[in-house]
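What follows is one structure encoded as structure tokens, with my remarks underneath.
Just so you know, all these numbers are worked out from the coordinates, no wet-lab data involved. Source: prediction; values computed, not measured. Because the Cβ atoms are built from the backbone with ideal geometry, glycine has one as well, and the counts that use them run over all protein chains shown.
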Amino acid sequence: MNPAPNLILVGPMGAGKTCIGKRLAERFGLVFVDADQAIVDDVGSSIPEVFENVGEAGFRAHEKRVLAGLLAQTGQLISTGGGAVLDANNRQRIAQRGFVVYLRVSVGSQLQRLHRDKTRPLLQREDREQVLEQMATLRDPLYREVADLTIDTDLYSPAEATAQLVIRLATQWQYSELPA
């Protein structure tokens, strides 16, 4: 059993972090928090607007600050943004403050799931597949570094992935209020 004060979902865009996260939070009686939405609420601008106004570096600075605040709390299921693991301090905090589930997804499934999405600034290009491949190459090792558990969401519907995770988490994770 791995005690931790929060459940944290990491993985690329389109992996199901929000959909599966909401279901898991309800099942385990945790507060669901979408880190990207927390950034929007904190900054008062949409993510595309943040990218437009301060660029990716500025967005990552907001992300780091907001994520640190979220991780200081307990009893949450935190769905992180796909790039949150790029920062070494974020990875350290994530690993320390939660039981981390990596929702893995193939680039092919991402393309299928995100084909109509116009809200993700990093995908507003013609070469979406190449961008996703590059992100996967860079980020997959970082997701694996912090993960306590990995599940491939290509294989399941959101309901099936949730059911699989409930079974696995019941034997691997225990809620524990660790000091901040």
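For this structure, a couple of remarks:
- Diffusion coefficient of the chain by Stokes-Einstein, Kirkwood radius over Cα pairs, 25 °C, 0.890 mPa s: 150 µm²/s.
- For the options R139, R120, R93, a Gaussian network treatment of the chain with springs between C-alpha atoms closer than 10 Å singles out R120 as fluctuating the most.
- Helical mean residue ellipticity (222 nm; -39500 (n - 2.57) per DSSP H run of 4+; nearest 500) of the chain: -17500 deg cm²/dmol
- Placing pseudo-labels 7 Å out from each Cα toward the beta carbon at Q174 and H115 gives an inter-label distance of 4.7 nm.
- Candidates A136, A35, A72, ranked by Gaussian network fluctuation over the chain, Cα under 10 Å, top entry: A72
- Segment 101-134 and segment 57-80: distance between their alpha carbon centers, rounded to Å: 22 Å
- For segment 65-169, GluC sites (Glu not before Pro) meeting the loop criterion (DSSP other than H, G, I, E, B) and having at most 15 other Cβ atoms within 10 Å: E126.
- Test item: Cα-centred dipole of the chain, Lys/Arg +1 and Asp/Glu -1 on Cβ, debye: 300 debye
- Leading residue at positive end of dipole, the chain (Cβ point charges), from T137, G69, G81: G69
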